[in-house]
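Structure first, commentary second.
Just so you know, all these numbers are worked out from the coordinates, no wet-lab data involved. Bear in mind that the values here come from a model prediction, so they are computed numbers and not experimental data. Cβ placement follows ideal geometry from the backbone for every residue including glycine, while neighbour counts extend to all protein chains displayed.
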C-alpha cells in the first residue's frame, strides 16, 4: 500500500474547496493587480502615512482608479474624496487601510459591506503592542472571516508591484523592475532592502511585507507567485512559520516551478528569544525548520547578501546541467580563493577536453595553467582572456563558468565584459562574474548586467551564488522522484486503548512496558518479556524466556531505573535471579518508597549489536518529526542525527540512515559486522506511521534499537503523550 | 625541568646575531623610509612600468632624493638620469628594479658594489615562469647574499607607505592613509584591494606585495611592522609559509603587540593544486597552517571582506574587556539576525542592570524589549534611540555595543550617527555600526567614520568583526600565560640505535616491536611482551607474562597484521596458545610467504579502557605536529582530533585533551569510568619530545593508547622514518 505525500492531511489548516481556493487566488491577485484602489485614511498632510500611500499610487504610474477615503476632506491630491468606502459608487478591488488601529474594525466592517475582497492593513497598534492591540487584531480577523475578506497585515509596509507600477507603501522609492519576488516578515527590513537594492541595482517583481500575518501569510503568497510570469525566484525573510505542514506541502509544489530562497531568523536560542519578544509569535525549534526546508526543497540562506546574491543568479542565469564548473581568472590569488570556496561548496571542477587544452596552448603563455581552474596569468589582455573563456565555455565537459578578473593595466575590463557577455547569452550555461576592483568595476558591472551576468566582487559570494544554482538542479531531481509512504498493517485499537487508560489515570508518561506494548502493536519487535508480581513468578518467567535475562522495575514514577539500582542485567541462572530480585525490591523501597509499582519485568537478554536510536518529537508548527541516529555517545556528543517531518517515505527513511556520519559503522566498514539496514528503515517508517496516527504522542525514544545482521530489537523505550 | 617556547631552535632558518638582526631591520626600514631612491629602468615612455614607478615617486609626494637610472637617457621627468647606480655620486637607500629579468643579475651586482642595502625587484620572468626564470632567480639570490642586500620580490607590485607618501608601484592610485598594513603574496590582488579599498574608504599604513618571496618574506615584514607606530593591525594574504617554525615564533611575539589577520588561500585539496601550479611553491597541509595560526595567535579569515571588516574594527576601536556585548536596534528583524550571528560567533549578551532597565522605561514604549538585544522599535526617533544607546553603553555590565539602525521615516540617521559618535569616543568600549539601507547610508557611514565607528550593512559582517575584537582579547590572555615545556629524562641513545639499525637495513618502517621500543625509551608504558622464535619459547613467555596473552607476528613487511590472521587475542591457556601459534604461522606462510619475519611477540592482554590515539606527523613547512583524539571510529568518522606544532607545553597538552568533542567520554560523564587525564597529558608531551629530538620521524601512531582510571598502555604503535 502506498499513498502520496501530497495527500497528507493538514492538521492545522482548513480544507478548502476548489471554489474557495480559486476565490482566494483571485483575492490575492488583487493585492498586485487591482483595477481600483481605495486608500482609507488618505490624508492631505504630507508626512502622514495616509498621504504618502496615496501619493505613491497617484504619482507612481499606477493606471487603475484611486479613491481617497477621508470623512474630513473633499479632495486629496486632486482626487475626489469619499467619507467611507460605502460611499464610493464604483467597485473597489483593494482597500489600503492607514487609519489608527482603533478605527480599523469599523473600516473592515464597511469593506465587508462594500464587498471588497482584498485589503492591506498598514496601521500598527495590534498584536505587536500586546494587550488591547492583540484584542483588536482578533476582532478584525473575525470581521474579515465574516465577510470573506482576505487581508495583508496588520502592522505592515504594504506591497509594491514593479510591473504594474503599483506602490501601496509609504516609501518614497520603488525598487527597480526585475524578476525577484521578496516577501518579508519584517517591515523595517523591507525599507533597508529596498534602499540597498536600489544602490546595488537589484531588480524586483514584487515586494511584500507580511506584517503580523493575521490572515494572508507566506504560504498564500508563495502559491500565488509560483504562477506569476514576472517572478523567476521567490525570496523570503521569515521569523516564524505558523502552518508548518501546509508550508511544506505548498513549498514542494512551488519549488517544482521556481526556486524558493529563505532566511529564517531566530535559529539560535538567543535569536529565538528575540523573535518571541518582538512578534509575540512562537518560534519552533530550528531543527524543525531546517528539516522542513530540506524536505520541501526550499534553499536556506543565512545572510541577507547571500539571499540576494543567489536570487540574482536565479533571476538572470540558467540552471546548470551538473555541478561541473570551470573557473577562469587572470590572477592566481583570486583563482585559489575561488577554488577553495568551490570545493567547500560542493562544486566539481570540469576536466577540460584534449581539444580545449590544445586550443588554449595556441594563445596562452607556456607557464599558464592549462587545467581547471584556468589562470590565464596577468599577461593576458582582454583578447587572450576572451579566447580562453570562449574555448572553455564551449567544452562539452563544462556546464558553467565563473569568470574572475582583476583590474590589471594590460586588460581593458570593459571590453572583456562586452566580449564575454556576447558569448554568454548564446550558450545555455550559467556564467557568474567575479570582476574585482573599485570604482571602475561598477562600470564593468553595468556592462555585465546588460548581458544578465551577475557580478560579485568577493570570490566566496560568487561561488556561493553559483553553488545554489547547482543545488536547485539537485533539488528538482529529488522532488521529481516518487515518494512512497508505506502503510503497515498495525493494531491501532490496541494503542488507542493504552492511551485511553493513561488518560483515565491522568498520566502522561508511559512505563517502559506500556511503551513497548505500543511499539509491538505497530509491529516493532521488542525482546521477550513478562511482568511478574512475585519472586516465584519471576523464576518461572525466566525459565520460559530462557537465561540470561534482565530484571527491571515497572513503575510510571521511576524514570531513571538504572540510577537507583532497579535494573539488573545478564542474570545467568536462578540463584543470581533470586539475589537480583531482592536487591531491586530493596533499592526501590530505599530510593523510591512512594513509587507506584506495576511489578517487575523479566526480559530476554538480547545479544549486543549496533546500537541506534529512533525517536520522535512533536513540533508546535511542523507536527511530528522522526529522528534517527547512532545510539549512546554519538547522539549525546556528536549530535549525529537525521530528522524528517512525518510521514517518512521509503526513500527518505533510506536517506536518513545514509546521511548521518556514522553510516559507515552501520554499513560495517573495516571488518565490523554490517547492520540490517532494511530493518532500520522499516522501523523508522513504522514509527512515522505511529506518530502520524497518534498526534497525542509528544516524545518517543527507542534507545537503543539493537541492530543485528538480520533484524534487531527495541531494547528500551520511552514515550510521553500530551492531551 | 622547563624551558620556554621561545628558546625553540629554528630548524630551517639561520640563527642571526643581534648585529645582523639590527642590520636586517634597518634594511627593511629602508623599504618604507628611504632617504633616497633609485629607479633602475626609469623610462621616458609613459605606459612603461619604469616610467610609472618614477612618476609615482616624483608626483606622489615623496620628499627624498630620486635617481632615475637609464643608460639611454639624460633626463626623465625633469630629473638627471644616470647610466648605472654606480655613477650616482650620493648614497642610495633603496633601488627599485624594473628592467627585464635577464638584466636583473647585472643590476644586482652593481647595487651590491654601490653598497645599497635594500632593493625591490618589480621585474617579472623569474620562478613564476619556471625553467630559465627559476635559474635567474637563484642567481639574484646568490648575488644578494654575497653583498648582504635585502630585497623584495622579484615579480612584485612593490610597496606603498601612505604616511611617507612613498609609492614605488606602477599603480596610478595610492590607498587612503590609515592604520592597516596589508601584505599580499598576490600582486593582482593588491591592485584589486587597492581599488576596492578606495571605494570603501579603507585607510592603509603600508601596502606591500611579496611577489616570489626570494628574500624578504612575511616574517621579516611582520617583525618590522610590529614596531611601526602607524600600523595598528597587520593583514596578510598568503599562499604559502616557507619557514613555518620561524613564522610561529615570530607571530607569537608580534601578536602580543598588535593583531595579525591572515587569509591563507589553498585550504582545500583543489585549492592547494591551484597554488602549486601558479607559484611553484609547495603548500603544506591546511591542518598544519590552521594549527600554526591557532598556536601563534594569528586570526584567520576566510574571505577578503571578512579580513578587512575585522581590520577596520581593529584600526578604529578599542579591544573589549570581555565577550559581553549589547545589541541595540530599531528593527526587530535585524535584531534577530544580529542575535543569531552573535550567538554563533561566541559573543555573550550582557545582562542589563536594574538601573539601566529603569532608565529605559522612562522613554521607551511599554511594548519595547527591555533586555539585551534591545529593540527600541520603529517608533523611536533619533532622540529616543540615542537615549537608549547612552543608557546601555554606560551600563557596567556592557563591554561594547553593536548599534543597528534601519532607515525609517521617523528617524534622522545622520543626527543619530553624530549623537552616537560623540558618546562612543568618550567611552573605552568598542562600538560597531550596522546602519543598513542604500545611498543615504553612505552619508551616515561618512559621519560614523569621523568618530572612528566602522559600519557594516550586513548584520553578520558587523558581528564577525566585533567577534574578532573579542577573540584578540582572549588571544592576548592566552599568550601571556606561561608555557612550560617539560623535558623528561629519556634514553635518547637507545632510540638513535634503533634508527641507526633501520638505516643500515635500508628500512623506513619500524615493526610494532621496534616502535614500542622507541616509546619505551621515552618512558611510554607498553604492555609486557617478549619476542619468541619457537612455540616452546612462546609457552614459556606466556607463563612469565601471565595469561591471557596476545600473539602477533613481528615483521617489517606485514603492516595490516589482523587482516591476514596474524594476530590472536585473548589467549587464556597453553592449549589455546599452541593452536593460535600454529595458526599464525600457517596464515603468514599462506598470505605473506615472502615476508621477513623477526619472530612472534607474546604480549600481555591489558584490560580494556578508554581508547585514544596519539599521533605525530611531520609537515614540510611547520615540522613535527602532535595529534590527539579518541581512538577507533571517532578518528575515522568524526575526525574529532586536536593538533599542535611541537614542542607541546603542559598547558597546550591539556587544551588538546579538553578541546576535542569526545572530552566528556574521557572525563567519564553519565556513569562511565573516568580516564587518567594526567597520563594522557604526559604521553602527549613525551611524544612531543620524541618528535622534537628525532626529526627523522615522519609518521607515528599510538593507536590505541588504552587509558584507565590510573595510567594506561600504548597497546599498538606504528612508526615511519625518512632519511
Under the convention of a label 7 Å out along Cα→Cβ, give the distances in nm from residue B:523 to the same position in every other copy, shortest first.
6.4
Evaluate the Debye formula for the range B:441-544 with equal point scatterers sitting on the alpha carbons, no solvent, and hand back log10 of I(q)/I(0) at q = 0.19, 0.22 Å⁻¹, in q order, two decimals.
-1.06, -1.16
In nm, spacing of pseudo-spin labels at residue A:145 and residue A:678 (7 Å Cα→C-beta vector):
5.0
Out of all DSSP beta bridges in chain A, what portion is antiparallel? Express it as a percent rounded to 5.
50
A from B by rotation - nearest chain B beta carbon to the axis, in Å:
B:638, 3
Stretched out fully, how many nm does the piece from residue A:473 to residue A:362 gain, at 0.36 nm a residue minus the Cα gap?
36.5 nm
Which translational diffusion coefficient, to the nearest whole µm²/s, is obtained for the range B:610-721 from the Stokes-Einstein equation, given a Kirkwood hydrodynamic radius over C-alpha pairs, 10 °C and 1.306 mPa s?
115
How far, in degrees from 0 to 90, does helix B:49-59 lean away from the longest principal axis of the Cα atoms of chain B, to the nearest 10?
50
Helix B:286-296 sits off the longest principal axis of the Cα atoms of chain B, rounded to the nearest 10 on a 0 to 90 degree scale, by 70
Per the range B:74-143, sqrt(5λ) over the Cα gyration tensor eigenvalues, sorted largest first, in Å, gives 24, 14, 9
In degrees, nearest 10, the alpha-carbon axis of helix B:18-32 is tilted away from the dominant principal axis of the alpha carbons of chain B by 40
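DSSP beta bridges in the protein assembly as shown, what fraction antiparallel, as a percent rounded to 5?
50
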Using only C-alpha atoms and all pairs of different ones, pull out the Kirkwood radius for the range A:528-681 in Å with one decimal.
18.0
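Under 1.5 on a/c is rounded, so check that first for the range B:338-381, then, if it is not, pick prolate when a/b is larger than b/c and oblate when it is not; a ≥ b ≥ c are the square roots of the alpha carbon gyration tensor eigenvalues.
Working: a/c = 3.73, a/b = 1.57, b/c = 2.37.
Because a/c hits 1.5 or more and a/b fails to exceed b/c, the range B:338-381 counts as oblate.
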Relative contact order (%) - criterion: Cα under 8 Å, at least six apart; region: the range B:610-721
31
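Classify the range B:143-251: rounded, prolate or oblate, from the alpha-carbon gyration tensor (a ≥ b ≥ c, eigenvalue square roots; a/c under 1.5 rounded; otherwise prolate if a/b is larger than b/c)? Write down the numbers at each step before the final one.
Numbers: a/c = 1.68, a/b = 1.41, b/c = 1.19.
Prolate, since a/c reaches 1.5 and a/b exceeds b/c.
So if R0 is 60 Å, what FRET efficiency would residue B:355 and residue A:106 give, r being the distance between their Cβ atoms, rounded to the nearest 0.05?
Values: r = 44 Å, r/R0 = 0.73.
It comes to 0.85.
Of the listed peptides A:605-611, B:58-64, B:194-200, what is their order by residue-averaged count of other C-beta atoms within 10 Å, with the highest listed first? Working shown, then result.
Details: A:605-611: 16.3, B:58-64: 14.0, B:194-200: 19.3.
Averaged packing, sorted descending, gives the order B:194-200, A:605-611, B:58-64.
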Using alpha carbon positions and the Kirkwood radius, the Rg to Rh ratio of the range A:317-479 is 0.94
Which length gain, in nm to one decimal place, applies between residue A:428 and residue A:370 when the Cα-Cα distance is subtracted from 0.36 nm times their residue separation?
18.5 nm
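Under 1.5 on a/c is rounded, so check that first for the range A:498-558, then, if it is not, pick prolate when a/b is larger than b/c and oblate when it is not; a ≥ b ≥ c are the square roots of the alpha carbon gyration tensor eigenvalues. Kindly include the intermediate steps, with their values, before the conclusion.
Details: a/c = 2.69, a/b = 1.58, b/c = 1.70.
It comes out oblate by the Cα gyration axes.
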Here D for the range B:18-313, in µm²/s, from Stokes-Einstein with a Kirkwood Rh over Cα pairs at 20 °C and 1.002 mPa s, works out to 111
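List the relative contact order of the range A:317-479 as a percent without decimals, with contacts defined as Cα pairs under 8 Å and 6+ residues apart. Could the numbers behind the result be given before it?
Working: 300 pairs, mean separation 49.4, N = 163.
It rounds to 30 percent for the range A:317-479.
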Mean 1/r over all different Cα pairs, inverted: what Kirkwood radius does the range B:528-605 give, in Å?
12.1
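How big, on average over all directions, is the shadow cast by the Cα convex hull of the protein assembly as shown, in nm²?
Details: hull surface 247.5 nm².
Taking a quarter of the hull surface, the average projection is 61.9 nm².
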FRET E, pair residue A:322, residue B:113, Förster distance 60 Å, beta-carbon r, rounded to 0.05
0.50
Given label points at 7 Å from Cα along Cα→Cβ, what nm distances, shortest first, separate residue B:482 from the same residue in every other copy?
7.4
Ordered shortest first, which distances in nm separate the 7 Å Cα→C-beta label point of residue B:199 from those of the other copies?
1.2
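Taking only the C-alpha atoms, wrap a convex hull around chain B and report its volume per residue in Å³ as a whole number. It would help to have the intermediate numbers written out before the result.
Working: hull volume 139.2 nm³, N = 723.
Convex hull volume per residue, Cα atoms: 193 Å³.
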How many angstrom lie between the C-alpha centres of the range A:471-521 and the range A:646-723?
12
Based on the Cβ-Cβ distance of residue A:446 and residue B:639, what FRET efficiency does E = 1/(1 + (r/R0)^6) give at R0 = 41 Å, to the nearest 0.05?
0.35
